[in-house]
1. Gap in Å between the Cα centre of segment 5-46 and the Cα centre of segment 66-129?
2. Would you please give the residues with an amide H less than 5 Å from that of Arg19, counting only those at least 5 places away or on a separate chain, with H modeled from the backbone geometry?
3. Once you charge only the Cβ atoms, +1 for Lys and Arg and -1 for Asp and Glu, what is the size of the charge dipole of segment 150-189 about its Cα centre, to the nearest 20 debye?
4. List the residues, sorted by chain then number, that are 5 or more residues from Thr88 or on another chain and whose placed amide H is less than 5 Å from its amide H.
5. Return the sequence-ordered ³J(HN,Hα) values of segment 178-189 in whole Hz as given by the Karplus equation 6.51 cos²θ - 1.76 cosθ + 1.60 applied to θ = phi - 60°, using x for Gly and Pro.
6. Quick one: helix 4-14 against the long Cα principal axis of the chain, what's the angle to the nearest 10°, folded into 0 to 90?
7. Read phi for every residue in segment 51-65 and hand back ³J(HN,Hα) as whole Hz from Karplus 6.51 cos²θ - 1.76 cosθ + 1.60, θ = phi - 60°, with x for Gly and Pro.
8. Give the residue from Ser179, Leu103, Thr135 lying farthest towards the positive end of the charge dipole for the chain; charges sit on Cβ (+1 for Lys and Arg, -1 for Asp and Glu) and the dipole is referred to the Cα centre.
Amino acid sequence: MIDRAKLARELRSRLPYIRTVSIRRALPDGVVISVTEGQAVAAVAHEGRWWLMDSAGKLLESVPTAGDHATITGISPLAPAAGTSLATAQEQRPRLERLRELLSALEKNRLLDKLDSVDLSKDHQIVLGYDGRFTVELSVALESPAPGETGLSYWLRRFAAAMNDPGVSPNQHYRVDISDNETLHFIPE
């Protein structure tokens with residue numbers, strides 16, 4: 001008899017790029033293993049190297065440079081290892097939780113592919129570099145007027161829609177201020 005939960009944990013541990021594992025019996029005496037591959041979306045620095053991570057905060061591998069991946073600053077990994085979740089010291093846990101919420105909201109709104117950077121160094125604000133032309137300043141105190149949606153997810157959805165507004169020039173760099181629960185402010189730079 002196969003312990004499916006144990007086998008799934010072992011596969012995810014040994015093969016960090018596996019995001020999900022499903023194991024089921026195939027009668028009469030077979031087993032079907034289905035996996036979903038994880039994708040590196042960001043990189044966080046630790047001791048002169050970069051750790052690639054997926055949108056759930058799982059560390060995938062250590063590499064010499066961040067390459068084309070979004071860089072995460074303002075947070076320090078604690079004992080990083082491939083296949084484990086990003087961990088931090090106790091005093092940085094609120095930043096880690098904000099990072100997890102942010103990556104989830106970016107993924108939900110299909111914004112991960114053009115993410116350049118995430119700066120978590122300020123306790124009251126998250127600063128994103130996006131698409132090489134937007135510096136997005138998000139207040140961590142934002143609320144969502146939409147039921148069942150987090151503040152970050154709501155405001156990132158609004159940002160995604162506003163980028164396509166005719167008043168937002170595709171050749172202009174902008175600072176996007178999202179610091180109140182009223183509106184987004186696109187300020188040309």
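Here, each number is a calculation from the coordinates, and none is a lab measurement. This structure is a prediction, so every number in the text was calculated from the model and none was measured. Cβ placement follows ideal geometry from the backbone for every residue including glycine, while neighbour counts extend to all protein chains displayed.
1. About 23 Å separates the Cα centre of segment 66-129 from the one of segment 5-46.
2. Thr36, Glu37, Gly38
3. 160 debye
4. For Thr88, whose amide H was placed from the backbone, the distant partners under 5 Å are Leu78.
5. Along segment 178-189, the couplings run 10, 10, 10, 8, 10, 7, 9, 10, 8, 10, x, 10 Hz.
6. 60 degrees
7. 9, 6, 9, 8, 5, 8, x, 7, 7, 9, 6, 9, 9, x, 9
8. Value computed over the given set: Leu103.
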